[in-house]
Amino acid sequence: MSIIPHFVLTALISYLDPLLHWFSERVYADLLGKAADHLLVQLHHHLDLAPLEAACAAFHHSQGPGARPTHPVPQLVRALLLKYLYDWSLRELESQIRFNMLVKWFVGYPIFAFGPDHATLDRFEIWVDYHQHRAFFDQTLHQIDQAFPQERLQDQIGDTFALQANAARESLIRLLRHTCQRLLAALQRADPSRADQVRAQLDTGALFGPAHEVGEYRLSPGERAARLHTTVCAALDCAHLVCLALEQPTPLCTATRAPVEQWLDLLDKIIHDDVQLVMQGTHVVQASERPAEDKGSYRVGSATDPQATYRVHDDQTDLGYNVSLAVSDNFVREIRADTGAQPDAVAIPDLIRAQREHHQLTPGKLIYDAAAGTGKTHARVRQASEGHTQLVAPLIPYEKRSGLFTPDRFQLSDDGQTLTCPHGQSSSTAYSSSDREGRDFRFFAAQCRGCPLWADCRQHKPGSQAHRTVFISDYRHDVEAARAYSQTPQFQADRQRRPRVERFIAALVRYNGARRARRRGLRAADFQAKMAAMAYNLKRWMRLLETSTQPAQG
């Protein structure tokens, strides 16, 4: 068997490379001639990826044979864009680049090239998430604004939807055990010797159960309560032993100690939110699960993804994240993910601030549902927009909670110091409310005695010596302005536009990968939401260009 000399191979390769390149170009030219209306071909003509390539130019391998990436950044940028455009997994993306000629052409590889594998694509995506978190969404929206400048001038509509966590819900017993496992693992990474000391003193059978433990689903309520009590006591003991290990004379560096403390804090939060303890000195007499109405609002649902919490919306509960978005007629203008338990209205000012910071845009109006119908939310929107954005939302009907006169029936003086009731009695006796942002005005019994409006104003029996308290919010003027606008025909017209946001949500969760999180953690959820919105915007952009260039019918 003869061996081909090296110079012959070199000459052969130098001859074949141009030939293969020519062949690849001819095949691509023939393919593109038959696929002029394909989405990727349209994107190639209209989307300028140079800004994204420049933003990601600093990407490099953090470890391995060299600092320079194995595959050029322009190809990786295009590949990541396609991942979210078609909602592919990393392995699907690797396969499509390798075997789909149109995808391979768009990404920038010759026909016979293999393209990046899923591990390389994964490293690039993580790098983009941490270093260019908003770049894909912002850069594509900037180019859309150049093509459709009128979109920036439109009023916006806001709403929220659930992004389900990449983690299963865990029962309280399983959650405590899993959290302790991760706590011990964090200590093991920080200092193996201290972790061994903790395990030597820990009753692992009480904490994690015996080897052949009966499944929790097979236990009676009494047996489950007994197991929970044992698990909670063992978890508290585990936390105590870890704290003692951290306080040893030889200190751990801050970076090494921080993950352990984070898991300690998480275990403390779970017990505080979900467990009711009966103590006798420092001894736990009884540990039981809190009633549902007494549990914490931001409860952890899984130690696999501790930042995911329960989102309750229209009698549906999802473990994951609450995604807020603001849209114009055709495009998603801003989107963000927060932990699932965060109320819908909290993120509204953040949507406005993000647009001001990244797009130099403040919408004239933001139309929302009744979740934003409080004076505090109106005030926060006014502050975030510096008075340029009007929040359009129906006020929460507090008057339906009671048949008595509500605070809006009382007149506040211009200086805010005197409150006058519907019968003309005034009071300047006011105290700062301890649990709400506002003041409690008091009307004493002597002022109300003999008042013909007693039954409509007081819950006490006629002649009672009790005083009537009226809470006046610090946001009363915002409420009055919102109530005045709600009486106008323009408010009704604005409200009729609000259902349009539902088609955006439907498209994002059904066709653009915004229903289930692919990674774990709040930052990854926010990145996925922004990339899903980018994919929607690009598809809508190409669709609008297509319809605008079609000849008129008839």
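No lab work stands behind these numbers, since they all come straight from the coordinates. Quick caveat: nothing in here was measured; it's all calculated off a predicted structure. Cβ: placed from backbone, ideal geometry, glycine included. Neighbour counts: every protein chain shown.
Summary of values
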read-out: Calculated diffusion of the chain, Stokes-Einstein form, Kirkwood radius summed over Cα pairs, 37 °C and 0.692 mPa s, µm²/s; value: 114
read-out: Gain in span if fully extended, ALA168 to HIS359, counting 0.36 nm per residue against the direct Cα distance; value: 65.0 nm
read-out: Test item: Cα-centred dipole of the chain, Lys/Arg +1 and Asp/Glu -1 on Cβ, debye; value: 640
read-out: Peptides ranked, highest mean first, by Cβ atoms within 10 Å: ranges 417-425, 387-395; value: 387-395, 417-425
read-out: Computed [θ] at 222 nm, helices only, for the chain once each DSSP H run of length n ≥ 4 contributes -39500 (n - 2.57); value: -15500 deg cm²/dmol
read-out: Sequence-distant residues sharing a close amide H with GLY438 (under 5 Å, placed H); value: SER433, ASP474
read-out: Trypsin sites (Lys or Arg not before Pro) restricted to DSSP loop in region 406-465 with at most 15 other C-beta within 10 Å; value: ARG436, ARG449
read-out: In region 219-288, GluC sites (Glu not before Pro) in a DSSP loop with at most 16 other beta-carbon atoms within 10 Å; value: GLU247
read-out: Distance in nm between pseudo-label sites at LEU453 and GLN188 (7 Å out along the Cβ direction from Cα); value: 7.0
read-out: VAL214, VAL260, VAL479, VAL284 arranged by Cβ crowding within 10 Å, fewest neighbours leading; value: VAL214, VAL284, VAL479, VAL260
read-out: Mean Cβ neighbour count within 10 Å, used as a protection proxy, ranking 488-494, 529-535 highest first; value: 529-535, 488-494
read-out: Cα lying deepest toward the dipole's positive end in the chain, options ALA507, THR420, GLN197, charges on Cβ; value: THR420
read-out: Of the GluC sites (Glu not before Pro) in region 384-459, those whose Cβ has at most 10 other Cβ within 10 Å and which sit in DSSP loop; value: GLU386
read-out: As computed over region 213-341, the Cα convex hull volume per residue (Å³); value: 177
read-out: Backbone HN-Hα couplings from phi across region 27-42 [Karplus 6.51/-1.76/1.60, Hz, Gly and Pro as x]; value: 5, 4, 4, 5, 5, 5, x, 9, 10, 5, 9, 6, 4, 5, 5, 5
read-out: Neighbourhood net charge (11 Å Cβ-Cβ; Lys/Arg +1, Asp/Glu -1) for ARG78; value: +1
read-out: Under Karplus coefficients 6.51, -1.76 and 1.60, residue-wise ³J(HN,Hα) of region 99-108 in Hz, glycine/proline x; value: 10, 9, 5, 5, 5, 4, 4, 5, 5, x
read-out: Count of Lys pairs (Cα-Cα under 25 Å; at least 8 positions apart or interchain) in the chain; value: 14
